[in-house]
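Structure first, commentary second.
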Amino acid sequence: MKSRMDNVEVKVDEMAIDMEEVKSQLQSLGNSVDEILNIILSTPAPTASSTPAPSIACTDRKGSWTYGSNKEKNWCGWARKTGTAEEIANKCKQKELYDDCPKTCGKDGCTS
């Protein structure tokens, strides 16, 4: 019986040592978390750039090209021919000419 009691006491002592090790590791982990949190909180927030956004060149494509199954033609000239702003806008939208004809179609961000 004494031997069994001695074994139990040894096991209890080992568990106490293990618990101290766990406690020490948890404390170390807590310190690491605190350090990370301090780094995050002390890092300045990103700010908007003071550099203006790049502008898009406002130059229509030159020459003729085939659009879909349509014949080859200068599509920027075709869109411009009609004259009224509404008609030009409709043709640009219909044929999706904004990238090829940014000046004629008034593509957003287009600069002269």
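The values are calculated or read from the model by the stated rules, or taken from the named source; none is laboratory data. Because the structure is a prediction, the values reported are computed rather than measured. Positions of Cβ are generated from backbone atoms using ideal geometry, with glycine treated the same way; all protein chains shown enter the neighbour counts. Just the protein is used for accessible areas: all its heavy atoms, side chains included, with ligands, DNA and RNA removed. Shrake-Rupley method; radii C 1.70, N 1.55, O 1.52, S 1.80 Å.
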So LEU29 fits all but one of (1) touching a Ser or Thr at 6+ places or on another chain (Cβ under 6 Å); (2) open to solvent by 70 Å² or more (accessible area, probe 1.4 Å); (3) at pLDDT 80 or above; what number is the exception?
(1)
Regarding LEU37, is this residue part of a helix (DSSP H, G or I), surrounded by 10 or more Cβ atoms within 10 Å (Cβ to Cβ) and under 30 Å from the mean Cα position of the chain (by Cα)?
yes
